[in-house]
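Chemist: Have a look at this one before I ask anything.
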Amino acid sequence: MERDDPAVADHREDPILTALRRIASVVDGPPDTVLDAARAAFLTRDLDAEIAALTADSRAADETAYEPARAEDPAQGQWLLSFQGGGLHIDLEIDDERDDMRLLGQLSGPPVRECVLYAERGPVRVDLDGLGRFIVDGLTHGPVRLQCELADGRRITTTWVRV
């Protein structure tokens, strides 16, 4: 087939298709939540941090699913997540029963110097008690992740989760 054959024409050069793509990107662009998540991921990236992978999710339908020990009714708004990475185990409980959300967490493993929760409202320093527990109130729905600096200087970061 020849390049001039309409069956093999390069449609990327078609001015009508170019105009239609431009219109579609303006009229039906990506949702604001996607843009917000992309901005947050880019602005808070840390290429030196080790990723703590999601290992358990009480709302999942796959092999990471597990039943919350304290939930009377799973539809009540509690969501449990577990992450592991760099020897650090991170357990999070998201309580979505009020106007805003509450995040309860517990860290176990190597000693942690400090943790920061990245959310839509910006980074929030997390105050850990002597047992590695913490509470963050006033969260809104959107992407969140936790980054912890260990006593030895390593940084462990959870994957982003949309709450």
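The values are calculated or read from the model by the stated rules, or taken from the named source; none is laboratory data. Computed from a prediction, not measured in an experiment: that's the story for all the values here. Quick reminder, even Gly has a Cβ in these numbers, built from the backbone with ideal geometry, and neighbours come from all protein chains shown.
Chemist: Among the residues of segment 8-44, how many are at pLDDT below 75 and more than 30 Å from Val144 (Cα to Cα)?
Modeler: 6
Chemist: Here is a follow-up. Considering only segment 47-59, I want to know if a residue exists there that is in contact with a strand residue (DSSP E or B) (Cβ under 6 Å, 6 or more places away or on another chain), at pLDDT below 70 and farther than 19 Å from Pro143 by Cβ.
Modeler: Checked segment 47-59: no residue is in contact with a strand residue (DSSP E or B) (Cβ under 6 Å, 6 or more places away or on another chain), at pLDDT below 70 and farther than 19 Å from Pro143 by Cβ.
Chemist: Does any residue in segment 85-98 that is modelled with pLDDT under 95 come within less than 6 Å, Cβ to Cβ, of a residue that is among the aliphatic types (A, V, I, L, M) and in a loop (DSSP other than H, G, I, E, B) six or more places away or on a different chain, and which pairs are these?
Modeler: Ile94/Val163
Chemist: Touching a residue at least 40 places away in the same chain (Cβ under 8 Å), assigned to a loop (DSSP other than H, G, I, E, B) and touching a strand residue (DSSP E or B) at 6+ places or on another chain (Cβ under 6 Å) - does that describe any residue in segment 144-152?
Modeler: yes
Chemist: For segment 117-135, how many residues meet the condition of being of a type outside the set (A, V, I, L, M, F, W, C), part of a loop (DSSP other than H, G, I, E, B) and free of Cβ contacts under 8 Å to residues at least 24 places away in the same chain?
Modeler: 4
Chemist: Any idea which residue in segment 121-141 is nearest to the chain's Cα centre (by Cα), counting only those that are surrounded by fewer than 16 Cβ atoms within 10 Å (Cβ to Cβ) and within 24 Å of Leu35 (Cα to Cα)? Walk me through how you get there before you give the answer.
Modeler: Of segment 121-141, the ones surrounded by fewer than 16 Cβ atoms within 10 Å (Cβ to Cβ) are 121-123, 125, 127, 129-131, 133, 135, 137-138, 140-141.
With within 24 Å of Leu35 (Cα to Cα) added as a condition, the list becomes 121-123, 138, 140-141.
Values: Arg121: 14, Gly122: 14, Pro123: 13, Gly138: 17, Thr140: 13, His141: 11 Å.
Once the filter is applied, the top-ranked residue is His141.
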